[in-house]
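Working notes for the structure below.
The values are calculated or read from the model by the stated rules, or taken from the named source; none is laboratory data. The shown structure was predicted, so the numbers you read here are calculated from the model rather than taken from an experiment. Note: ideal-geometry Cβ built from the backbone for every residue, glycine included; neighbour counts use all protein chains shown. Ligands, DNA and RNA are stripped out before the accessible areas are found, and what is left, the full protein with its side chains, is counted by its heavy atoms. Shrake-Rupley method; radii C 1.70, N 1.55, O 1.52, S 1.80 Å.
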Amino acid sequence: LIWSGGVYKLSVIAPRNQDDLDLLIAANFTPDDIIRDKIEISWPDSTSRLNQVVARFRNEFENFVDDTVTWPRSYSDVYNDYLEEDNGKLLKTEVYLPTVTDPYHALASAEEMTRASRRAMSIKCTVGKKGLFLEPGDIVTITAPSVNLINETMIVNSATLSSSMTA
């Protein structure tokens, strides 16, 4: 749910392919749209990044007893790569998935949590009139070669309008 214009809106986005995603893009920002060419990019720090997730769930194949799966498996190639990227520091967490009842979905959830924690990128910038009607949940593309962003697809988390007609 997204609070916008004094009401909650339900945002359901599930594109199946690139063509579906292209239809959802609310705005395309280029260097000409970014005010003063100032872009702040932040990446997850070690407190929010993970290199392994253990997912607990109630396994329907085992009469709903508590079970666990781990992604990536210890000492696998992906695990070793992530560990190397994190200077040998184990960034592991355990989560409980109350709505998952099979190992396939639990493993997929653990993988998604791990990968998402490593690639989350946040961008903060001021844009001109193209951004005036944006609201949280909108999908935009940003091209800013000065910070190596080329047609990067992003979801708007927040938008603030200023008195100078910028967002």
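Any residue in region 45-64 that is touching a residue at least 24 places away in the same chain (Cβ under 8 Å) sitting within a Cβ distance under 8 Å of a residue that is open to solvent by 60 Å² or more (accessible area, probe 1.4 Å) and among the β-branched types (Val, Ile, Thr)? List the pairs, counting only those 6 or more apart or interchain.
From region 45-64, the pairs are 54/68; 55/68; 56/68; 57/68; 58/65; 59/65.
Just the residues that are part of a strand (DSSP E or B), of a type outside the set (Val, Ile, Thr) and under 18 Å from the mean Cα position of the chain (by Cα), please, taken from region 126-159. Step through it out loud before you land on a result.
Residues of region 126-159 part of a strand (DSSP E or B): 126-127, 139-144, 149-155.
Cutting the leftovers down to of a type outside the set (Val, Ile, Thr) gives us 144, 149, 151-152, 154.
Of everything in region 126-159, those that are part of a strand (DSSP E or B), of a type outside the set (Val, Ile, Thr) and under 18 Å from the mean Cα position of the chain (by Cα) turn out to be 149, 151, 152, 154.
Which one of these is open to solvent by less than 50 Å² (accessible area, probe 1.4 Å) and at negative phi: 70, 99?
Result of the check over 70, 99: 70.
Restricting the search to region 76-92, which residues are more than 17 Å from residue 107 (Cβ to Cβ) and either open to solvent by 80 Å² or more (accessible area, probe 1.4 Å) or not in a loop (DSSP other than H, G, I, E, B) (or both)?
Result: 80, 81, 83, 84, 85, 87, 89, 90.
The conditions are (1) over 22 Å from residue 157 (Cα atoms); (2) modelled with pLDDT under 95; (3) not polar (S, T, N, Q), and residue 40 fails exactly one of them. Which is it?
(1)
Among the residues of region 139-163, write down those that are touching a residue at least 12 places away in the same chain (Cβ under 8 Å), among the β-branched types (Val, Ile, Thr), open to solvent by 30 Å² or more (accessible area, probe 1.4 Å) and within 14 Å of residue 127 (Cβ to Cβ).
143
So that you can scan it fast, the table gives a plain yes or no per residue for (1) at negative phi; (2) in a loop (DSSP other than H, G, I, E, B); (3) open to solvent by less than 60 Å² (accessible area, probe 1.4 Å):
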site	(1), (2), (3)
13	yes, yes, no
22	yes, no, no
40	yes, no, no
44	yes, yes, yes
47	yes, yes, no
54	yes, no, yes
58	yes, no, no
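Inside region 122-138, can you point out the residues that are open to solvent by less than 50 Å² (accessible area, probe 1.4 Å) and among the small types (Gly, Ala, Ser)?
128, 131, 137
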